[in-house]
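The structure under discussion appears below in the form of structure tokens.
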Amino acid sequence: MSGPLIGITGRRQMGVPGTPPSLYGIVAFTYFADYCGAVAAMGGVPILLSFNTPPEAVADRLDGVVLSGGEDVDPRRYGGTPSPFQTPLDPDRDEYELTLLRAALDRRLPLLAICRGAQLLNVALGGTLVPHLPPDSGEGHSYLGYPRGRRSHAVRIAEDSRTAGVLGTDLVVNSYHHQAVDRVGAGLRAVGHAPDGVVEAIEMDDAPVIGVQWHPEMFAEPDPLFGWLVDEAKNHQGETV
């Protein structure tokens, strides 16, 4: 049996650096290689998902999903209003990933939601987001000028959580976000917090679903979260053979 198929979402951008001027207006789907490498290192088979991939159909073929990081979720999705601090939005990406997410949950696919992905998971289940964390407040959660693997602040994980079973209870993580989970969505539990109270990890009690605000794929060493995802995906793969 081959390794489990892990779908990885990406982002969309106009133009690709290094292409000739005639292609500057072309639309490209982009995927950070760190996600693929982290999945492959644990024995999974990374599958890159474009917005053209039918979410329901592909969910029937996948064994697990990574919801990747990226731009802000449209605040209208959770009853918010536009902010002067928000990044450029991509409503099509929001719609695609929300549909994929619901299909994955319906099929009880193992799911690892990272940064924007964790925020989208929360929004999909009726939660809301903190629209902006000033970089000079609290723990200073946006460290965009630092090397991507630099561990910037502590996170405490609840002892009775699935996440603690994977990572332990005391972590130091990197930080590349200016938004965070606010009101927690239905069926989710906030299980990880920074010292200033910002939610850093969420999970579902009754499904193999974990969301984290940091970027575990960026660490130099293999991260146990991807081992957890691939192991859970193998279990799903065995159930569907």
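When only DSSP loop residues count, what trypsin sites (Lys or Arg not before Pro) in region 1-105 have their Cβ near at most 12 other Cβ atoms within 10 Å? Intermediate values should be presented prior to the final figure.
Details: sites: Arg11, Arg12, Arg61, Arg76, Arg77, Arg93, Arg102; in loops: Arg61.
Those that pass, being in a loop and sparsely packed, are Arg61.
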Highest-MSF residue in the chain out of Ala158, Ala180, Ala38 [GNM, Cα springs under 10 Å]: Ala158
Evaluate region 22-152: find the radius of gyration of its Cα atoms, find its Kirkwood radius, and give the ratio Rg to Rh. 0.97
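Which percent, to the nearest 5, of DSSP beta bridges fully inside the chain are antiparallel? Walk me through the numbers on the way to the answer.
Working: 21 of 36 bridges.
The antiparallel fraction comes to roughly 60 percent.
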Hey, any idea what the orientation-averaged projected area of the convex hull of the chain's Cα atoms comes to, in nm²? 13.4 nm²
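Where does the charge balance sit around Asp205 when Lys and Arg score +1, Asp and Glu -1, over other residues with C-beta under 9 Å from its C-beta? It would help to have the intermediate numbers written out before the result.
Working: positive: Arg162, Arg189; negative: Glu203, Asp206.
Here the charged neighbours net out to 0.
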Segment Asp205-Gln13, extension gain: residue separation times 0.36 nm, minus the distance between their alpha carbons: 65.6 nm
Dividing the alpha-carbon Rg of region 181-241 by 2.2 N^0.38 Å yields what? 1.31
Where labels lie 7 Å past Cα in the beta-carbon direction, separation of Tyr31 and Ser50 in nm: 1.2 nm
Measuring from a point 7 Å past the Cα of Ala40 along Cα-to-C-beta, which residues in region 195-223 have an amide N at less than 17 Å? 217-223
Among Met42, Met14, Met204, determine the one that fluctuates most according to a GNM of the chain built with springs between C-alpha atoms less than 10 Å apart. Met14
Test of understanding: in a Gaussian network model of the chain with alpha carbons linked when under 10 Å, which of Tyr24, Tyr96, Tyr35 would top the mean-square fluctuation ranking? Tyr24
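Every read-out reported here was derived from the displayed coordinates using simple, explicitly stated rules and does not represent laboratory data. In this text, all values refer to a predicted model and were calculated from it rather than measured experimentally. Cβ: placed from backbone, ideal geometry, glycine included. Neighbour counts: every protein chain shown.
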